[in-house]
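Below: one structure, written as structure tokens.
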Amino acid sequence: MAPALASVSPRKRPLENELEQANKLLLHDASNHHCLMHKCSVLVRSGKYCEALAIYDQAGLGDSPIAQLRYGHTLKIVGRLDDAVAAYRRAIDLQPDTGEAYWSLANLKTYRFSDAEIRAIRTRINCSRGNAENQSYLGFALGKALEDRGDYEESFRFYKRGNSIRRMQQPFSAERNRLNTGRQIRICTREFFAQSAGAGCAAPDPIFIVGLPRAGSTLLEQILASHSQVDGTTELPNIINLSAELGAKRRKSYAGLYPEILSQLSTEKRLQLGRRYIASTGLKRNGSPFFIDKMPNNFLHIGLIHLILPNARIIDMRRHPMAACFAGYKQLFARGQTFSYDLKSSGHYYRNYVRLMDHWDDVLPGRVLRVQYEDLVADAEHQIRRVLDYCGLAFEQQCLRFYETERAVLTPSAVQVRQPLFSHGLEHWRHYEQHLDVLKRALGSLLLRYPIAAP
């Protein structure tokens with residue numbers, strides 16, 4: 001009998017150790033389905049998608065809707081969309097009330113539900129026995145299905161329903177967000193950075209893309225990853241993990257030592273942290289001189305990035321606040337981004353984001369390159385050349401043909417970045433404008449900076 005899977009603790013040890021443990025389990029029983037599925041999970045988290053798919057294909061998925069879902073997610077990452085659709089549909093066949101499978105189909109962005117599928121979702125969303133998480137998945141899925149049919153009124157009702165459930169499960173503290181922004185501003189002053197100059201790891205390898213989710217960061221990553229000198233990776237948690245380690249935060253009510261502890265970092269410590277970051281990201285790279293770290297939330301940590309990696313490039317990918325906030329509102333994120341489940345919270349979060357980015361521009365002038373999503377869509381070549389110049393990279397035509405670049409993409413934009421640029425979605429939020437007054441009020445005077453043009 002194979003050892004219990006509980007002996008392997010996901011996310012609690014480095015991925016290479018997890019893979020080693022998974023292989024040891026399979027030595028006892030090479031055909032153990034649970035062990036094989038666990039190994040696939042580890043391989044996917046390690047970025048070894050083709051190896052995982054080979055095991056899925058060889059081992060078979062049996063009658064497990066969960067295995068079919070994971071298989072579908074992996075197929076989507078590598079761009080095998082028809083196969084992903086088949087896997088999600090198989091999950092529904094096996095367990096008709098699997099809300100995650102319906103949402104996974106909707107989250108492909110290009111999938112269109114049939115009348116029969118919409119009826120099935122309606123039936124299940126009205127079932128009082130459904131658990132909250134499943135109901136949330138179904139709400140978002142039905143919202144997207146109705147949006148694609150132009151029924152924006154009813155679509156919004158189901159988006160709102162899905163968000164309301166998610167908000168209860170994952171509450172967001174606007175006050176904590178405001179206070180954390182203020183702490184960064186108080187500590188990371190122009191004088192502080194002037195006194196701290198000349199230290200950190202000199203490696204120029206990282207290109208950080210920051211901003212808000214659904215604002216075009218995956219598109220910019222795909223463009224840069226199409227360059228021969230740049231590796232695309234994933235949304236790397238390394239900087240966030242370093243900030244948590246520095247903060248030594250152990251209790252939910254305890255504010256932690258970060259970012260104030262940044263003022264106590266010695267020259268040696270900053271060099272050590274920078275080198276650790278470079279070493280820890282090595283597994284995600286493929287040998288190119290530069291690589292992308294596309295974690296939108298890193299805009300909160302630009303001070304830390306500057307201190308430990310003074311030669312890293314940092315790009316702020318920004319989208320009009322109405323478009324960005326509403327795009328986030330109708331997206332069910334796998335984790336994090338809890339602000340997005342409420343329009344008022346989304347507006348306040350966007351304001352704090354701009355407030356902090358304005359601060360970085362003031363105390364670190366020229367350090368961050370800003371790219372406006374709408375400008376990129378309107379004049380791709382000019383904006384791409386501007387980005388490449390900032391990164392010290394020669395222009396390459398393949399960056400204009402980014403949609404031809406074959407690479408794994410994990411985010412909700414996986415399908416969209418495999419298509420040429422299009423402008424018809426820039427103001428899609430206007431279809432829902434009658435429901436967005438609360439967002440406009442939350443954004444407040446920021447809309448004077450990003451005026452809403454007449455339709």
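Each part reduced to its alpha carbon centroid, the stretch 100-132 and the stretch 32-91 end up 21 Å apart.
Tell me the per residue accessible area of the stretch 139-188 using a 1.4 Å probe; a whole number in Å² is fine.
Values: 2320 Å² over 50 residues.
Value returned for the stretch 139-188: 46 Å² of accessible area per residue.
Averaged per residue, the stretch 277-411 has 35 square angstrom of accessible surface, using a 1.4 angstrom probe with ligands and nucleic acids left out. As a ratio to 2.2 N^0.38 Å, the alpha-carbon radius of gyration computed for the stretch 101-229 takes the value 1.56.
Here the ratio of the Cα radius of gyration of the chain to 2.2 N^0.38 Å is 1.00.
Based on the Stokes-Einstein relation at 10 °C and a viscosity of 1.306 mPa s, and on the Kirkwood radius from alpha carbon pairs, the stretch 173-326 is assigned a translational diffusion coefficient of 97 µm²/s.
Loop-only check: which trypsin sites (Lys or Arg not before Pro) in the stretch 208-309 are DSSP coil with at most 11 other Cβ within 10 angstrom?
Details: sites: ARG214, LYS249, ARG250, ARG251, LYS252, LYS269, ARG270, ARG275, ARG276, LYS284, ARG285, LYS294; in loops: ARG214, LYS249, ARG250, ARG251, LYS252, ARG285, LYS294.
Here the sparse-neighbourhood loop sites are ARG250, ARG251, LYS252.
Karplus-derived 3J(HN,Hα) values for the stretch 326-339, using 6.51 cos²θ - 1.76 cosθ + 1.60 with θ = phi - 60°, are 6, 4, x, 5, 9, 10, 8, 7, 4, 7, x, 6, 5, 4 Hz; glycine and proline are entered as x. Centre-to-centre separation between the Cα atoms of the stretch 157-223 and those of the stretch 426-440: 24 Å. Note on the stretch 267-329: Kirkwood radius taken over Cα pairs, Stokes-Einstein applied at 4 °C and 1.567 mPa s, translational D equal to 94 µm² s⁻¹.
Given a 1.4 angstrom probe, I'd like the percentage of the accessible area of the stretch 209-338 that is carbon and sulfur, rounded to a whole number. Of all accessible area on the stretch 209-338, carbon and sulfur atoms account for 50 percent.
Convex hull over the Cα atoms of the stretch 124-200, averaged projected area in nm²?
9.2 nm²
Distant-in-sequence amide contacts of PHE291, defined by a placed amide H-H separation under 5 Å and a gap of 5 or more residues or a different chain, comprise ILE207, ASP231.
Shown in residue order for the stretch 429-443 are the 3J(HN,Hα) couplings computed by the Karplus curve 6.51 cos²θ - 1.76 cosθ + 1.60 at θ = phi - 60°: 4, 4, 4, 10, 4, 5, 9, 10, 4, 5, 5, 4, 5, 5, 6 Hz (x for Gly and Pro).
Ordered by solvent-accessible area of protein heavy atoms (1.4 Å probe), largest first, the residues LYS144, LYS24 come out as LYS24, LYS144.
Computing the accessible area with a 1.4 Å probe over protein heavy atoms, can you report the carbon and sulfur percentage for the stretch 95-191? Write out the running numbers ahead of the final one.
On the way: 2250 of 4660 Å².
About 48 percent, which is the carbon plus sulfur part of the accessible surface.
With K and R counted +1 and D and E -1, the other residues having a Cβ less than 10 Å from that of GLY347 yield a net charge of +3.
The values are calculated or read from the model by the stated rules, or taken from the named source; none is laboratory data. Bear in mind that the values here come from a model prediction, so they are computed numbers and not experimental data. Reconstructed Cβ throughout: ideal geometry from the backbone, glycine too, with neighbour counts over all protein chains shown. In case anyone asks, the SASA skips ligands and DNA or RNA and just uses the protein heavy atoms, side chains included. Shrake-Rupley method; radii C 1.70, N 1.55, O 1.52, S 1.80 Å.
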